[in-house]
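Trainee: Provided herewith is a single structure, encoded as structure tokens, for subsequent inquiry.
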Amino acid sequence: MAEAVDLRGAVSDAPPLDPYALRADFPILSTTTSHGKPLVYLDSAATSQKPRVVIDAVDRFYRDYNANVHRGIYEIGERATAAYEAARASVARFIGAQDDHEIVFTRNATEAINLVAYSWGRRNVGRGDAIVLTEMEHHANLVPWQLLVQEVDGDLEFIPITDDGILRLDVFEVLLRLRPRLVAFTHVSNTLGTITPVREMVEMAHAAGALVLVDGAQAVPHLPVDVAELGCDFYVFSGHKVLAPMGSGALWARRELLESMPPFLAGGEMIREVHLRRSEFNEIPWKFEAGTPDVAAAIGLGAAADYLMGIGMDRVRVHEAELTRYALDRLATVPGITLYGPPADRRSGVVPFNIEGVHPHDVAQVLDRSGVCVRAGHHCTMPLHERLDLAATARASFNVYSTREDIDALVDGLGEVVRIFGA
Ligand code: 7TS
């Protein structure tokens, strides 16, 4: 199952990415914490740090041409609109969308999934209809579907995982006999780092007559993503995990699909004509962008996409895959540690772990004293933790700017945890 690994570009002719040079682009990475330690940021799955080009793009918008979009007939209004739409074109190129107007700006992945659940879901999922998810979804790709099936009296089914976090495609095959309306799953698990075999699953789902939504929140920052090649119907992601500002994100869907869907939020921007008792809606994507958008964040997202395309996502993937392998090897030497998730070649830069006898919150707190930031808890995947019989985990996660030294600092910090708690 070579495609399962989705290592497109892992064998690249381009010179390897130099994270040490890139780090100079990220102002926060040269700061120190209040404990006087250099910041070691290993929580990029929660949110990424931002390069200067993104910070500057936002700053320039507010300083030089802050104006509302799609209405100003004056110079800065036209500049704002042009920059907003240019950002949409960058995002489209970044994820392989054929048509810029297939990109709908949203606040984040959560809003994009809710948009699909409300707009497409309430029109296309009815009584007794099934939606297939997986056991390792982030709550953002679970709760909106729970609300939908509760409302329409539909059903949710779940593709199980193996103990090391690989989807059971043999069971998926069986679930597809229920002729689900939709299959929705994560491209990369935010907790285990598993890379799912999107293309293979899309082919299986389409053969059974289902549409496919892919949650790309943890994939777009780390892998080359090409929605045309993946073949899915909906693809969503958050800007803030992909070096862009908070409050930016996108939904991609095929044009005919977006055109067939009713509006999600209603108000200004999304209309063409309004009368007291009826309205005509705008064309896509603006039909789904009611109200004044976060223009600066969208422009920042465009800058982040341009920055990453300049680096090359194939090189990002190679760098992070190498780093993940290094992390798995180094962490395995820590006394009392248990590592979770699939083997290195099937995972993105996410490593969850526990230290025997120590609560993950205590692990994170001791690491914080060394300047090391990791997340502790259930990472918004409570059902996955239940499935693995875990109350919580600590999680280290990487991005383009992560280095072997970051991992060495984590391993040293964990040595301190073991010393303090006597594990
Ligand atoms: N889907 C996945 C796979 C995610 O990892 C997250 C956020 C979301 C959706 C929701 O993203 P949002 O930007 O709409 O909130 N994941 C995490 C995390 O792992 N730690 O903090 C947020």
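Trainee: Can you pull out the residues in the stretch 231-281 that are among the β-branched types (V, I, T) and farther than 27 Å from Q218 by Cα?
Mentor: Matches in the stretch 231-281: I271, V274.
Trainee: Additional query: Given the condition without any contact (Cβ under 8 Å) to a residue 40 or more places away in the chain, of a type in the set (V, I, T) and not in a strand (DSSP E or B), answer yes or no: does some residue in the stretch 198-217 qualify?
Mentor: So far as the stretch 198-217 goes, yes, one or more of its residues are without any contact (Cβ under 8 Å) to a residue 40 or more places away in the chain, of a type in the set (V, I, T) and not in a strand (DSSP E or B).
Trainee: Still on this structure, I have one more. Is it the case that some residue within the stretch 149-165 is on the phi > 0 side of the Ramachandran plot and not hydroxyl-bearing (S, T, Y)?
Mentor: yes
Trainee: Another question about this same structure. Scan the stretch 153-168 residue by residue and report those that are more than 19 Å from D233 (Cβ to Cβ) and not hydroxyl-bearing (S, T, Y).
Mentor: Within the stretch 153-168, D153, D155, F158, P160, I161, D163, D164, G165, I166, R168 qualify.
Trainee: Residue by residue through the stretch 326-343, note down the ones that are under 17 Å from L42 (Cβ atoms) and open to solvent by less than 60 Å² (accessible area, probe 1.4 Å).
Mentor: Y326, A327, L328, L331, V334, I337, L339, Y340, G341
Trainee: Have a look at S119, S48 and point out the one that is crowded, with 17+ Cβ neighbours inside 10 Å and not in a loop (DSSP other than H, G, I, E, B).
Mentor: S119 is the lone residue from the list that is crowded, with 17+ Cβ neighbours inside 10 Å and not in a loop (DSSP other than H, G, I, E, B).
Trainee: Inspect the stretch 371-387 for any residue being closer than 18 Å to S48 by Cα, of a type in the set (G, A, S) and free of Cβ contacts under 8 Å to residues at least 24 places away in the same chain and give the result as yes or no.
Mentor: Yes, the stretch 371-387 contains at least one residue that is closer than 18 Å to S48 by Cα, of a type in the set (G, A, S) and free of Cβ contacts under 8 Å to residues at least 24 places away in the same chain.
Trainee: To continue, here is another question. Do you know which of the residues in the stretch 241-265 that are touching a Ser or Thr at 6+ places or on another chain (Cβ under 8 Å) and farther than 20 Å from A86 by Cα is most open to solvent (accessible area, probe 1.4 Å)?
Mentor: Residue satisfying both the conditions and the ranking: F264.
Trainee: Any residue at all in the stretch 227-240 that is among the hydroxyl-bearing types (S, T, Y), in contact with a Gly (Cβ under 8 Å, 6 or more places away or on another chain) and near the ligand (Cβ under 10 Å from one of its atoms)?
Mentor: Within the stretch 227-240, one or more residues are among the hydroxyl-bearing types (S, T, Y), in contact with a Gly (Cβ under 8 Å, 6 or more places away or on another chain) and near the ligand (Cβ under 10 Å from one of its atoms).
Trainee: Give N354, N399 a once-over and let me know the one that is away from the ligand (no atom under 16 Å from the Cβ) and in contact with a strand residue (DSSP E or B) (Cβ under 9 Å, 6 or more places away or on another chain).
Mentor: Going through N354, N399 in turn, just one is away from the ligand (no atom under 16 Å from the Cβ) and in contact with a strand residue (DSSP E or B) (Cβ under 9 Å, 6 or more places away or on another chain): N354.
Trainee: For the stretch 124-145, what are the residues that are open to solvent by 30 Å² or more (accessible area, probe 1.4 Å) and away from the ligand (no atom under 15 Å from the Cβ)?
Mentor: N124, R127, G128, D129
Trainee: Name the residue, out of D412, D368, D406, that is in the same structural domain as T33 (by TED's automatic domain parsing), away from the ligand (no atom under 13 Å from the Cβ) and touching a Leu at 6+ places or on another chain (Cβ under 9 Å).
Mentor: After applying the criteria, what remains is D406.
Trainee: Also, quick follow-up: Do you know which residues across the stretch 171-195 are of a type in the set (V, I, T) and away from the ligand (no atom under 16 Å from the Cβ)?
Mentor: Once the filter is applied, which keeps residues that are of a type in the set (V, I, T) and away from the ligand (no atom under 16 Å from the Cβ), the stretch 171-195 yields V171, V174.
Trainee: Kindly establish whether I113 is within 30 Å of P245 (Cβ to Cβ), β-branched (V, I, T) and either away from the ligand (no atom under 16 Å from the Cβ) or not assigned by TED's automatic domain parsing to the domain that holds V350 (or both).
Mentor: Against the criterion (within 30 Å of P245 (Cβ to Cβ), β-branched (V, I, T) and either away from the ligand (no atom under 16 Å from the Cβ) or not assigned by TED's automatic domain parsing to the domain that holds V350 (or both)), I113 qualifies.
Trainee: Just need a number here: residues in the stretch 194-218 that are of a type in the set (A, V, I, L, M), closer than 15 Å to R168 by Cα and open to solvent by 10 Å² or more (accessible area, probe 1.4 Å).
Mentor: Within the stretch 194-218, residues that are of a type in the set (A, V, I, L, M), closer than 15 Å to R168 by Cα and open to solvent by 10 Å² or more (accessible area, probe 1.4 Å) number 1.
Trainee: Mind counting the residues in the stretch 351-386 that are polar (S, T, N, Q), open to solvent by less than 70 Å² (accessible area, probe 1.4 Å) and not in a strand (DSSP E or B)?
Mentor: Residues flagged as polar (S, T, N, Q), open to solvent by less than 70 Å² (accessible area, probe 1.4 Å) and not in a strand (DSSP E or B) within the stretch 351-386 amount to 2.
Here's the yes/no breakdown for (1) more than 16 Å from the ligand (Cβ to nearest atom); (2) open to solvent by 50 Å² or more (accessible area, probe 1.4 Å); (3) more than 18 Å from the chain's Cα centre (by Cα):
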| site | (1), (2), (3) |
| --- | --- |
| G72 | yes, no, yes |
| I76 | yes, yes, yes |
| A82 | yes, yes, yes |
| A86 | yes, yes, yes |
| V104 | no, no, no |
| D155 | yes, yes, yes |
| L169 | yes, no, yes |
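Trainee: Looking at the stretch 228-240 only, could you name the residues that are under 23 Å from K50 (Cβ atoms) and open to solvent by 10 Å² or more (accessible area, probe 1.4 Å)?
Mentor: Across the stretch 228-240, the qualifying residue is only H240.
Trainee: Exactly one of (1) open to solvent by 10 Å² or more (accessible area, probe 1.4 Å); (2) more than 16 Å from the ligand (Cβ to nearest atom) is unmet by L323. Its number?
Mentor: Going through the list (1) open to solvent by 10 Å² or more (accessible area, probe 1.4 Å); (2) more than 16 Å from the ligand (Cβ to nearest atom), L323 breaks only (1).
The values are calculated or read from the model by the stated rules, or taken from the named source; none is laboratory data. None of these values were measured; they are calculated from a predicted model. Counting neighbours? That spans all protein chains shown, and the Cβs are built from the backbone with ideal geometry, glycine included. Only protein heavy atoms, including side chains, enter the accessible area calculation; ligands, DNA and RNA are left aside. Shrake-Rupley method; radii C 1.70, N 1.55, O 1.52, S 1.80 Å.
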